[in-house]
1. Can you give me the ranges of the helices (runs of 4 or more DSSP H) entirely in segment B:123-231 with at least 1 residues that are modelled with pLDDT of 90 or more?
2. Quickly run through segment A:27-82 and pick out the residues that are closer than 27 Å to B:Tyr65 by Cβ, facing chain B (nearest Cβ under 10 Å), touching a residue at least 40 places away in the same chain (Cβ under 8 Å) and not aliphatic (A, V, I, L, M).
3. Please go through segment B:110-122 and pick out each residue that is buried (at least 17 other Cβ atoms within 10 Å of the Cβ) and part of a loop (DSSP other than H, G, I, E, B).
4. Which one of these is of a type outside the set (Ser, Thr, Tyr) and surrounded by 23 or more Cβ atoms within 10 Å (Cβ to Cβ): A:Ala148, A:Ala144?
5. Could you tell me whether segment A:177-189 includes any residue that is within 10 Å of another protein chain (Cβ to nearest Cβ) and at pLDDT 95 or above?
6. Take the residues of segment A:83-110 that are surrounded by 19 or more Cβ atoms within 10 Å (Cβ to Cβ) and out of contact with any His (no Cβ under 8 Å at 6 or more places or on another chain): which is nearest to the other protein chains (Cβ to nearest Cβ)?
7. I'm trying to understand the selection: among the residues of segment B:145-167, which are more than 25 Å from B:Cys88 (Cα to Cα) and buried (at least 24 other Cβ atoms within 10 Å of the Cβ)?
8. Kindly indicate whether any position in segment B:84-91 is more than 14 Å from chain A (Cβ to nearest Cβ) and either touching a residue at least 40 places away in the same chain (Cβ under 8 Å) or farther than 22 Å from B:Asp234 by Cβ (or both).
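The values are calculated or read from the model by the stated rules, or taken from the named source; none is laboratory data. Here the structure is a predicted model, which is why all the values come from computation and not from measurement. Methodologically, a virtual Cβ is constructed for each residue, glycine included, from the backbone with ideal geometry; neighbour enumeration extends over all protein chains shown.
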Amino acid sequence: GLEETFCSLRLRENIGDPSRADVFTPQAGRVSTVNSFNLPILGHLQLSAERGTLYRSAIYTPHWNVNAHSVIYVLRGRARIQVVDHLGQSFFDGEVRQGQILTVPQNHAVVKQAGSEGFEWVSFKTNDNAWISPLAGRTSVIRALPEAVLANAFQISRDQARRLKYNREETFLLTSSSSRREDESERRAAA
Amino acid sequence: RSQESFRQRNECQFDRLQALEPDNRIQAEAGVIESWNPNHDQFQCAGVAVTRSTIEPNGLHLPSYTNTPQLIYIVKGRAITGTIFPGCPETFEESQREQGQGRSQGSRKDRHQRLHHLREGDILAIPAGVAYWCYNNGDQQLVSVSLLDTSNFNNQLDDNPRRFYLAGNPEDEFEQLRREGGRGREREGRQAWRGGQGSSEDYNNIFRGFNSRLLEEAFNVDQETVRRLQGQSDNRNSIIRVKGRLDLVSPLRSRQEGQREGRWEEEREREREEEQRRMRRGGGYDAN
């Protein structure tokens, strides 16, 4: 009966095709994920992967990998990546470029900002259903906390807490003010 | 895997067991966190670490997550706690009706993820990497014991328990033991809570490690808010005293629990009054 199970398992899934994107923000970029839900053999391997594209200066929200390590391979462009440990110390703060690999350990906080030519990467994750916990944006931990907890924890006013929670409506691909400014000036120049 | 299990079997080969007192004590503004040295043979054998926290009334244990799953037992007192599951909706919310006509951000009402009421005897399970916070809303100390399962398959880091704080500049309760080889000792809190001694540079929340300009962009907020987010000049440590009371969107506790403490009628009355107040404010409910 092996041919009914292992022998016929699907082994391939394309995550490079932009039209297959799972997350897409026209101004910031896109992300596609392959995990044991859309490629079941990954359940046996306990691995998954993510393919991402960030447009110029766009930001992949600060987040931590809840249940996996993430090994990032840079496909194209450059990005500034910061990784922070449990003591709030910068573990890595530098630019990564095409052909380089960076490992982000489980639970360590990380943020990516694309350089001027954009940034493309593939991340290998050591869990077949890897998930992240965003720190900013619509599905973030900050948004899920009560205002009163934020106000007391950060010693800020309720208004500031509200802005902290709601000033970003995107899920995790964020535009930056610098890229918005550059786009506007380019549009003006073209006009 | 076989090497790993051999190593673990070896770590369980010790001559005798001991009853252990906590080795480390961190004093915060509104409470204390004590921890047992996770490097002790017994804990190494079991693949666990243990802490005990005492939170004063109106104290808030700042949001944090750990690299291990946790089981927390409430020894004494009562509390409200929130666990943050990434991607889940904020299901505790003030209704749109109460907002009146205002739809601007200034008048936006609060919404957040589900809260849980805890009382003596409760066990709370927190998955690895899931953030949680805890507020003592009772009138006595809240004492809880937490077991961190470092050998759990959900922890892909090493065997060291780690706590990642999302606010303040709190100490990781195990870090000092790791650095100093785990000698038992009692310490006072850092800076204001430690008589101005010691360095605050080693302990920060995770926002502190990010570039502040990048955080301004990511959250779309001003410099001052980011400074606060990073906990700069915050010396309250991990358990802080809440100003006033914590104003949360939360249902009253269950009838059974209220009755047990003889407070059901009082709460029902409060609920009725609140309902009447809402009716007066909103002009009553509309019929279909």
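1. In segment B:123-231, the matching helices (runs of 4 or more DSSP H) lie at B:212-219, B:223-229.
2. Passing the criteria: A:Gln46, A:Tyr60, A:Thr61, A:Pro62, A:His63, A:Trp64, A:Asn65, A:Asn67, A:His69.
3. Listed by number, the residues that qualify are B:Asp110, B:Gln113.
4. A:Ala144
5. Checked against the condition, which is being within 10 Å of another protein chain (Cβ to nearest Cβ) and at pLDDT 95 or above, segment A:177-189 yields no hits at all.
6. A:Gly88
7. Hits for segment B:145-167 are B:Thr150, B:Pro161.
8. no
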